Amino acid sequence: MSGHSTYEPSIGLTRWLDARLPIIRLLHDAGVSYPVPRNLNYMWTFGGILSMMLAVQIITGIVLAMHYTPEASMAFSSVEHIMRDVNYGWMLRYLHANGASMFFIAVYTHMFRGLYYGSYKAPREVLWILGVIIFLLMMATGFMGYVLPWGQMSFWGATVITNLFSAIPVVGSAVTNWLWGGYSVDNPTLNRFFSLHYLLPFMIAAVVILHIWALHVVGQNNPSGVEVKDFDKDTVPFTPYATVKDGFAIVVFLIFFSWFAFYVPNYLGHPDNYIPANPLVTPAHIVPEWYYLPFYAILRAIPSKLGGVIAMFSAIIVLAFLPWLDTSKVKAATFRPIYRMFFWVFVLVSLGLGYIGSQAPTDGTTLVGRLFTIYYFAHFLVVLPLLGLFEKTKPLPASIADAVLAKNAATGRA
């Protein structure tokens, strides 16, 4: 997609390095001259925002790990020590804790944009699957990080979620005991989760590199869903056109992030997690972090423990098969009026699942949760395959340049 390299070393040192390790050429080709569709909008800035948030999480996590004690009798106190005694420890912890929420806000926006514009379709299947793997790793990393403060919600959340693995036939008990490091959630569990929470972000970074590599091979999708036909007319260089837009979006997102971190740092948390873990006192209502709530609602919607576990993991895994479940040849919802309606229904159902997951289980919430769960899976397994066969789509523009000219004409731009 990037074509022939346009990088020319300008001084002797860069020429010498380029002949031995062309890293400057790689960075130039990937971040300066790389051609991007000229019609990208601000929904395409969340890739840059996510890269920035991953760096924030890794840097703040490394510094916090220098002061954290992964031992059951000291973990809670070590977090309080970070908050009260470490220079700017309160800021590091609030940036890290709220950074996880910001990370998921950005990734959910990124995913819904991909669903709306068909970014999972050929030739971007591998790119999409790598994104689903990143999402799974993020889910695991976030869960293990939530356990580390060793408050009431941390302890009981770990107890509930790890107990789910016991529903797996044959090996369930062995897997659960390995996660626990014994026969209940205790100090060995905390040690395991700390080790994995420290390791997984670097695994995420490695898959992100593959994700970006795959993106540069097949090129970016765009709002019209039309592939690049003429590089001169359909594309612009990544720098300055995309970098300026990404930079502005990152600044706006950082303002949003800073408002949470500095003004309402505990808004997205749970007050019970400021109570030290107590195995003898169960919280009245055990809930995970907000970004797990839709999947928690799916888990609770199924009466069978094993069935709930299968449904919860299937709700994520089904995303990996999306390139083959959606049978339509048209990518963008802009040209698919019926799909656009079903897409917004799916968004509302996903938000509804999140709300149901946050509520105490009653007959009413359980019923609504089951209905939403049925629609969630029906969207992927029934609606998308059938729409591709029967939906009448709008005519596509001949090229990206034509789409841009048509939009400019419609808005009265020169």
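Quick notes on this one:
- Which listed residue, of TYR183, TYR198, is of a type in the set (Phe, Trp, Tyr) and either modelled with pLDDT under 95 or not assigned by TED's automatic domain parsing to the domain that holds VAL126 (or both): TYR183
- Single match in ILE317, ILE374 (criterion: β-branched (Val, Ile, Thr), part of a helix (DSSP H, G or I) and closer than 23 Å to PHE104 by Cα): ILE317
- Number of residues in segment 115-128 that are of a type in the set (Gly, Ala, Ser) and crowded, with 20+ Cβ neighbours inside 10 Å: the value is 2.
- Sole residue being surrounded by fewer than 20 Cβ atoms within 10 Å (Cβ to Cβ), among the hydrophobic types (A, V, I, L, M, F, W, C), touching a Gly at 6+ places or on another chain (Cβ under 9 Å) and touching a residue at least 24 places away in the same chain (Cβ under 8 Å), chosen from VAL36, VAL56: VAL56
- Boolean, LYS394 is in a loop (DSSP other than H, G, I, E, B) and either β-branched (Val, Ile, Thr) or touching a helix residue (DSSP H, G or I) at 6+ places or on another chain (Cβ under 7 Å) (or both): yes
Conditions (1) among the aliphatic types (A, V, I, L, M); (2) surrounded by fewer than 16 Cβ atoms within 10 Å (Cβ to Cβ), marked per residue:
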{"residue": "VAL309", "(1), (2)": "yes, no"}
{"residue": "ILE316", "(1), (2)": "yes, yes"}
{"residue": "SER328", "(1), (2)": "no, no"}
{"residue": "PRO337", "(1), (2)": "no, yes"}
{"residue": "TRP344", "(1), (2)": "no, yes"}
{"residue": "ILE356", "(1), (2)": "yes, no"}
{"residue": "LEU367", "(1), (2)": "yes, yes"}
{"residue": "PHE372", "(1), (2)": "no, no"}
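- Within segment 71-89, the residues that satisfy the criterion of being in a helix (DSSP H, G or I) and either under 16 Å from PHE256 (Cα atoms) or of a type in the set (S, T, N, Q) (or both) are SER77, SER78.
- Any hit, segment 286-307, residues being touching a Pro at 6+ places or on another chain (Cβ under 7 Å) and either surrounded by 14 or more Cβ atoms within 10 Å (Cβ to Cβ) or touching a residue at least 60 places away in the same chain (Cβ under 8 Å) (or both): yes
- Set GLY131, GLY142, GLY172, GLY157: member being surrounded by 19 or more Cβ atoms within 10 Å (Cβ to Cβ) and modelled with pLDDT under 95: GLY157
- Residue list for segment 110-154, restricted to those being touching a strand residue (DSSP E or B) at 6+ places or on another chain (Cβ under 9 Å) and farther than 22 Å from ILE58 by Cα: GLY151, GLN152
- Candidates LEU92, LEU136: the one that is within 14 Å of the chain's Cα centre (by Cα) and either assigned to a helix (DSSP H, G or I) or farther than 17 Å from PHE193 by Cβ (or both) is LEU136.
The values are calculated or read from the model by the stated rules, or taken from the named source; none is laboratory data. Just so we're clear, the structure is a prediction, and the values are computed from it rather than from any experiment. With ideal geometry, Cβ positions are generated from the backbone for all residues, glycine too; neighbour counts draw on all protein chains shown.
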